[in-house]
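A.B. asks: My structure is below; once you've seen it, I'll send some questions.
The values are calculated or read from the model by the stated rules, or taken from the named source; none is laboratory data. Fair warning: this is a prediction, and the values are worked out from it, not measured in the lab. Using ideal geometry, Cβ is built from the backbone for each residue, glycine included, and neighbour counts are taken over all protein chains shown. For accessibility, only protein heavy atoms count, side chains too; no ligands or nucleic acids. Shrake-Rupley method; radii C 1.70, N 1.55, O 1.52, S 1.80 Å.
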Amino acid sequence: MKEHRGRLTKDGIRIYEQDDFAGMHAAGALAAQILDDIAQHVFPGQSTGVLDGLITQMVEDAGATSATIGYKGYQHASCISVNHVVCHGIPGEKKLKDGDILNVDVTVIVDGWFGDTSRMYVAGKLPRKAERLIQVTYDALFKGIEMVKPGNMFGDIGHAIQAYVEAHRMSVVRDFCGHGLGQVFHAPPNVLHYGRPGTGAVLEEGMFFTIEPMVNLGRPETKTLADDWTAVTRDKSLSAQFEHSVGVTADGFDIFTLSPGGKFHPTY
Ligand code: MF3
Ligand code: CO
Ligand code: CO
């Protein structure tokens, strides 16, 4: 077993070894490939359940394992969050309509390593206000990623994201955060998408975690529906999210979930 590799910091964050980056790249590349391949299946009239069925098949065809099927009782290979759904949307019968925006979030396990990524898609014609939201969310993720290097702090990541989003008069969701991952799905630290510079744990080479900001056009508050999963904006405003799994290198970051086809952004 390759469990408990590396060591833990005083904050309980695992420091992985040089060789472990390869395992994360394999898992991340598969998750990203699946998100590339699902793009052609997103169109008005398509159901989110069919998209999830295709993703389940892609995971199986790759000889990998879905991290979400069976996770805390969740029964699907993806979360699909449409319009005002913030995250953890459950795939089902409901069909996409022209102008809907959706986040598809996939986590796979390859050889014991977890690859977790999500991105936005559009069914049909992208409405102007949704386009703005998606662009700000996309750029906010990379503002956060740019802060990833040894010596910076987790508060620097959160602050960079929050400052960028709020400068565009949008809001950062507080109720969900990124997370450490590696040979487990969710581990310390909680990676907040808001915060103050110079606060939180110090980043060290060998840390693996996700950054996955959720941004709302309206207020930041969310509520969870009776299904105990689906999180929506309380004010029904549109919400968007992008997620990468990253590792801290000697002088910066390594993105494990880069799109093999260069299709992370929905429109370019
Ligand atoms: N992939 C999600 C994340 O980014 C977690 C989904 S858990 C599920 O952490 F059970 F809802 F699938
Ligand atoms: Co995640
Ligand atoms: Co995810």
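A.B. asks: What is the number of the single condition among (1) away from ligand 1 (no atom under 16 Å from the Cβ); (2) open to solvent by 20 Å² or more (accessible area, probe 1.4 Å) that PHE185 does not meet?
C.D. replies: Looking at each condition in turn, PHE185 falls short on (1).
A.B. asks: Name every residue in the range 190-208 that is within 16 Å of ligand 3 (Cβ to nearest atom) and farther than 14 Å from MET147 by Cβ, in order of residue number.
C.D. replies: Once the filter is applied, which keeps residues that are within 16 Å of ligand 3 (Cβ to nearest atom) and farther than 14 Å from MET147 by Cβ, the range 190-208 yields ASN190, PHE208.
A.B. asks: OK, next. For the range 54-68, state whether one or more residues are assigned to a helix (DSSP H, G or I), open to solvent by 10 Å² or more (accessible area, probe 1.4 Å) and hydrophobic (A, V, I, L, M, F, W, C).
C.D. replies: yes
A.B. asks: Restricting the range 27-53 to residues that are in contact with a helix residue (DSSP H, G or I) (Cβ under 7 Å, 6 or more places away or on another chain) and free of Cβ contacts under 8 Å to residues at least 40 places away in the same chain, which is surrounded by the fewest Cβ atoms within 10 Å (Cβ to Cβ)?
C.D. replies: Residue satisfying both the conditions and the ranking: HIS41.
A.B. asks: On to the next question. Does the range 211-223 contain any residue that is in contact with a helix residue (DSSP H, G or I) (Cβ under 9 Å, 6 or more places away or on another chain) and either at pLDDT below 95 or open to solvent by 30 Å² or more (accessible area, probe 1.4 Å) (or both)?
C.D. replies: yes
A.B. asks: Right, another one. It is to be established whether one or more residues within the range 5-12 are farther than 20 Å from VAL104 by Cα, open to solvent by 40 Å² or more (accessible area, probe 1.4 Å), at pLDDT below 95 and of a type in the set (A, V, I, L, M).
C.D. replies: no
A.B. asks: So, one more: Could you tell me whether the range 115-127 includes any residue that is under 15 Å from LEU238 (Cα atoms), without any contact (Cβ under 8 Å) to a residue 60 or more places away in the chain and away from ligand 3 (no atom under 16 Å from the Cβ)?
C.D. replies: Yes, the range 115-127 contains at least one residue that is under 15 Å from LEU238 (Cα atoms), without any contact (Cβ under 8 Å) to a residue 60 or more places away in the chain and away from ligand 3 (no atom under 16 Å from the Cβ).
A.B. asks: Confirm whether MET147 is touching a residue at least 24 places away in the same chain (Cβ under 8 Å) and either open to solvent by less than 30 Å² (accessible area, probe 1.4 Å) or more than 13 Å from VAL215 (Cα to Cα) (or both).
C.D. replies: For MET147, the condition - touching a residue at least 24 places away in the same chain (Cβ under 8 Å) and either open to solvent by less than 30 Å² (accessible area, probe 1.4 Å) or more than 13 Å from VAL215 (Cα to Cα) (or both) - is not met.
A.B. asks: Okay, next question. Quick check on the range 99-130: of everything there that is open to solvent by less than 30 Å² (accessible area, probe 1.4 Å) and out of contact with any helix residue (DSSP H, G or I) (no Cβ under 8 Å at 6 or more places or on another chain), which residue is nearest to GLY180 (Cα to Cα)?
C.D. replies: Among them, the one singled out is ASP105.
For every residue, the table says whether it meets (1) among the polar types (S, T, N, Q); (2) more than 16 Å from ligand 1 (Cβ to nearest atom); (3) surrounded by 23 or more Cβ atoms within 10 Å (Cβ to Cβ).
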{"residue": "ARG132", "(1), (2), (3)": "no, yes, no"}
{"residue": "THR137", "(1), (2), (3)": "yes, no, yes"}
{"residue": "LYS143", "(1), (2), (3)": "no, yes, no"}
{"residue": "VAL165", "(1), (2), (3)": "no, yes, yes"}
{"residue": "HIS193", "(1), (2), (3)": "no, no, yes"}
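A.B. asks: Answer yes or no: is there a residue in the range 176-197 that is among the polar types (S, T, N, Q) and touching a Cys at 6+ places or on another chain (Cβ under 6 Å).
C.D. replies: Scanning the range 176-197 turns up at least one residue that is among the polar types (S, T, N, Q) and touching a Cys at 6+ places or on another chain (Cβ under 6 Å).
A.B. asks: Tally time: how many residues in the range 167-182 are farther than 20 Å from GLY28 by Cα and crowded, with 19+ Cβ neighbours inside 10 Å?
C.D. replies: Result for the range 167-182: 4.
A.B. asks: May I pose another question? State whether the residues of the range 138-158 include one that is more than 17 Å from the chain's Cα centre (by Cα), of a type in the set (S, T, N, Q) and in a loop (DSSP other than H, G, I, E, B).
C.D. replies: Yes, there is a match, as at least one residue in the range 138-158 is more than 17 Å from the chain's Cα centre (by Cα), of a type in the set (S, T, N, Q) and in a loop (DSSP other than H, G, I, E, B).
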